[in-house]
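Below is one structure, written out as structure tokens, with a few remarks after it.
The values are calculated or read from the model by the stated rules, or taken from the named source; none is laboratory data. All values derive from a computational prediction rather than experimental measurement. Here the Cβ is made from the backbone with ideal geometry for all residues, glycine too, and neighbour counts use every protein chain on show.
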Amino acid sequence: MEAKIYRSEKIKEADYNYLLQKLQFNDNVRNQLLMFAFTAVLTILGVILGAGKTNISPWMCLLPFFLIIPFAARISYYRIVSAHIEAYMTTFMPESIPYICGADSVREKYGWVYNWLIRWLVNGEMLMLSLAADLALFYCIISTDAIASAPKESAAQIIASCGATVIVCLISFSTMSYAKLLKHFKSQWDEYGQHKLSREESH
């Protein structure tokens with residue numbers, strides 16, 4: 001049945017090139033977003049922490065989250081789009097992308113370090129930035145003795161910071177497994193192909 005599906009879906013060379021360019025674009029944008037996010041967030045935290053105890057406001061440590069959260073969402077979005085495209089290509093044009101098709105069987109895994117550390121670090125960059133912002137906030141609160149002078153305000157700051165980190169964590173881990181994303185979209189493209197083939201045969 002799948003062979004009929006592949007033949008029924010006629011892929012033009014222009015469409016094939018467009019999809020490859022789209023994948024490259026997604027990878028480039030993700031890398032640029034990561035570099036900008038690290039540069040901007042670490043610069044902001046450096047300025048805040050270098051301002052001196054008298055000029056430090058713990059609320060300022062929440063500013064990086066206005067970059068981290070939307071950037072984390074955008075990076076996750078591009079992972080979803082890439083998986084969506086790759087799943088389509090492996091379903092309807094496997095002969096044109098032997099590497100992508102083979103990568104489904106030969107995974108980029110090597111030892112327990114990859115599964116427990118490298119994989120997490122590669123996909124958890126924005127979460128690490130969130131944790132850095134949390135640590136900066138805790139430092140500001142402790143160094144200014146805000147817990148003693150304004151305990152309710154400090155508690156609100158900690159809750160806001162931890163809540164923002166939880167949001168980033170949920171966003172990042174929702175697309176952590178690229179293999180699951182591919183499997184999800186692959187099943188949908190297979191269903192789409194079978195439905196399209198049945199309509200063609202009925203006509």
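For beta carbons closer than 6 Å, sequence separation of 6+ or different chains, a first residue in region 76-101 that is outside any helix (DSSP H, G or I) and a second that is modelled with pLDDT of 80 or more and aliphatic (A, V, I, L, M), the qualifying pairs are I97/M89.
For region 43-75, how many residues are touching a residue at least 24 places away in the same chain (Cβ under 8 Å) and either over 17 Å from V168 (Cα atoms) or out of contact with any helix residue (DSSP H, G or I) (no Cβ under 7 Å at 6 or more places or on another chain) (or both)? The total comes to 9.
Highlighted here are the helices (runs of 4 or more DSSP H) found entirely within region 119-203 that include at least 2 residues which are of a type outside the set (V, I, T) and closer than 30 Å to F92 by Cα: 119-123, 151-174, 178-202.
Applying a threshold of 7 Å to beta carbon distances and a minimum spacing of six or more residues, or different chains, the list of pairs starting in region 160-181 at a residue that is over 19 Å from L135 (Cα atoms) and ending at one that is surrounded by 16 or more Cβ atoms within 10 Å (Cβ to Cβ) and of a type in the set (K, R) reads T175/R79; Y178/R79; L181/R79.
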